[in-house]
Structures are given as structure tokens and as C-alpha cells.
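Working notes for the structure below.
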Amino acid sequence: MYSWPEKEDDEEPMHVLKKTQVNVDDVTHINDSLGLHRMENTSHTDTTVTLHVYVPAYQECLTFDERSGHREKCQVVFHQNLENTLELAKEDSPSLPTEQEAETALSVLRL
């Protein structure tokens, strides 16, 4: 977990607050008040899959370069269909999942 860069135009490496190892079937959480997260698979042979659930959904996020702290705004586009599966949304689709829909999708994924 990283602290938020103090200034947008600073060119300083990001500060690591802590590192947490997450194992198979572990669940963890983070929010903006705690810091920024980064996921890494340290294995060169094993596959890793992570599921990030953002509730409520949003359309933009920031990504950061850990070496410089430089931030960049990115578009987030996703949609949940009626079968509780996630699929990439079409650009003209204004529909985003509600908090209840996201919780339903997460409970289906836990089965």
C-alpha cells in the first residue's frame, strides 16, 4: 500500500506504507482514505487472478507511476448483464451496476 503523492507535479518515488501478502481465497479491502493499492504476482510460473470490486461504480480513476508519483486519469468502462456476469460495456452504454447489483455479482462469484 502506498501513501498518496503530496503534490501532483512532484517527481518523487511513491512512499510504501506496507506490503501485505494475499493468499488463495483471501479477501482484502482498501479505500482511498487508507492509501493506494498495487497488486503483484511474485511468481514467474504460477498464474494469479484478482477481482477488484468498486462500489459504487465510477467512470474515472487515477493510475500512478511508483517511480515518479506521476498520476494519469483513466476511463473505467464496465457493465453487469442480467445473468450476473461482467462484460465490457459499449461506449454508448450509460448503465453502470448499482451497489446491490455489485453485491449480487460478488456473492455469485463466491459460490
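The values are calculated or read from the model by the stated rules, or taken from the named source; none is laboratory data. Predicted, not measured: the structure shown is a model, and the values here were computed from it. Backbone-built Cβ (ideal geometry, glycine too); neighbour counts: all protein chains shown. Protein only, heavy atoms only, side chains kept; ligands, DNA and RNA dropped before computing areas. Shrake-Rupley method; radii C 1.70, N 1.55, O 1.52, S 1.80 Å.
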Expected output for segment 29-49 (first residue free of Cβ contacts under 8 Å to residues at least 40 places away in the same chain and outside any loop (DSSP other than H, G, I, E, B), partner polar (S, T, N, Q) and open to solvent by less than 70 Å² (accessible area, probe 1.4 Å), Cβ below 9 Å, 6+ apart or cross-chain) is Leu36/Ser3
Just one listed residue, out of Glu8, Glu103, Glu87, is surrounded by 10 or more Cβ atoms within 10 Å (Cβ to Cβ), at pLDDT below 85 and in contact with a strand residue (DSSP E or B) (Cβ under 7 Å, 6 or more places away or on another chain), and it is Glu87
When segment 11-56 is checked residue by residue, the ones that are open to solvent by 90 Å² or more (accessible area, probe 1.4 Å), hydrophobic (A, V, I, L, M, F, W, C) and over 25 Å from Ser68 (Cα atoms) are Val24, Val27, Val49, Leu51
Could you list, in sequence order, all residues of segment 57-84 that are open to solvent by less than 90 Å² (accessible area, probe 1.4 Å), modelled with pLDDT of 85 or more and more than 15 Å from Asp32 (Cα to Cα)?
Asp65, Glu66, Ser68, Gly69, Cys74
